[in-house]
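Have a look at the structure below before the remarks.
A short reminder: the numbers here are calculations on the coordinates, not readings from a lab. All of these numbers come straight from a predicted model, not from anything done at the bench. Cβ sites come from the backbone with ideal geometry, for glycine too, and all protein chains shown count toward neighbours.
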Amino acid sequence: MVELGIKGKVALVTGAAQGIGEAVARALAELGASVAALDRNADGLGSLVAELNARGHQTAAYPADVSDSSAVEDAVERIERELGPIGILVNVAGVLRMGAIESYSDEDWEATFAVNTKGVFYVSRAVVRRMALRRSGAIVTVGSNASGVPRMHMAAYAASKAASTVFTKCLGLEHARHNIRCNIVSPGSTDTAMQRLLWADQSGEQAVIAGSAESFRLGIPLGKLARPSDIADAVVFLVSDRAGHITMSDLCIDGGATLGK
């Protein structure tokens, strides 16, 4: 059995203060990685890092906004200086702004791409140039099943996730010669704070599972939402040595909601 190869590596996780990012940071820390947790939510990061370190894990908080190129470069430089060479990068930071296309403001569109697309580019660029010198690394970008299926009132989110998905595949192609693997995990509806903001009432979960003919959205064949840990488990596999021959792949984790798109 191939070992995971995660223990002892430095792992940078963006969007680590809550939701899927938090679940990924926890999973990697529990497997022995030194986790650099990055998020613009400094309070959330502080709570997570304090808890994990109290349990004997090695984690450190790096408050930063992924949409700020200079802040990203500074954070990556600090991580490499303070924790060591980054061997794993997981891009999770993301925002969602809903609305009909004609109702989007310029700021709605630009803010969505600033985090979901530019943020993935800024962090990946800063990290991969260092990984390339070492000829080793694994990168996973958390995309969305909406990147391949049109969604009502989610045009900015879907388009930004589609862009970051293709970007990550291009990154993997360019750096395969450096033994750097780049993959995407595309969740569907997952039980996070972002998901719950979309619910009108307590029946929101069942409505998502059932789907909506009015919005041309299928339900979830497995009959349940994903848990953040379901997504984290997939990320762990893809950054591990057990996925040593997988790159430029997009693993959709949506309970069948997009029928294997």
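Structure above, values below:
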{"quantity": "Stokes-Einstein translational diffusion, region 200-251 - Kirkwood Rh over all Cα pairs, 1.306 mPa s, 10 °C, in µm²/s", "calculated": "118"}
{"quantity": "Anchor residue 118: lysines whose Cα lies under 20 Å away (excluding residues fewer than 8 positions away in-chain)", "calculated": "161, 169"}
{"quantity": "Label corresponding to volume of the Cα convex hull per residue in Å³ when calculated from the structure given, among (1) 251; (2) 147; (3) 131", "calculated": "(3)"}
{"quantity": "Whole-Å distance, taken between Cα centres, linking region 243-261 and region 137-165", "calculated": "13"}
{"quantity": "Alpha-carbon centroid distance for the pair region 92-130 / region 203-239, whole angstrom", "calculated": "22"}
{"quantity": "Along the chain, longest interval not containing exposed GluC sites (Glu not before Pro), exposed being DSSP loop plus at most 16 other Cβ atoms within 10 Å", "calculated": "4-213"}
{"quantity": "Calculated FRET value between residue 194 and residue 3, using beta carbons and R₀ = 35 Å, to 0.05", "calculated": "0.55"}
{"quantity": "Relative contact order (%) - criterion: Cα under 8 Å, at least six apart; region: the chain", "calculated": "20"}
{"quantity": "Local electrostatic count, residue 86, Cβ distance below 9 Å [Lys/Arg +1, Asp/Glu -1]", "calculated": "+1"}
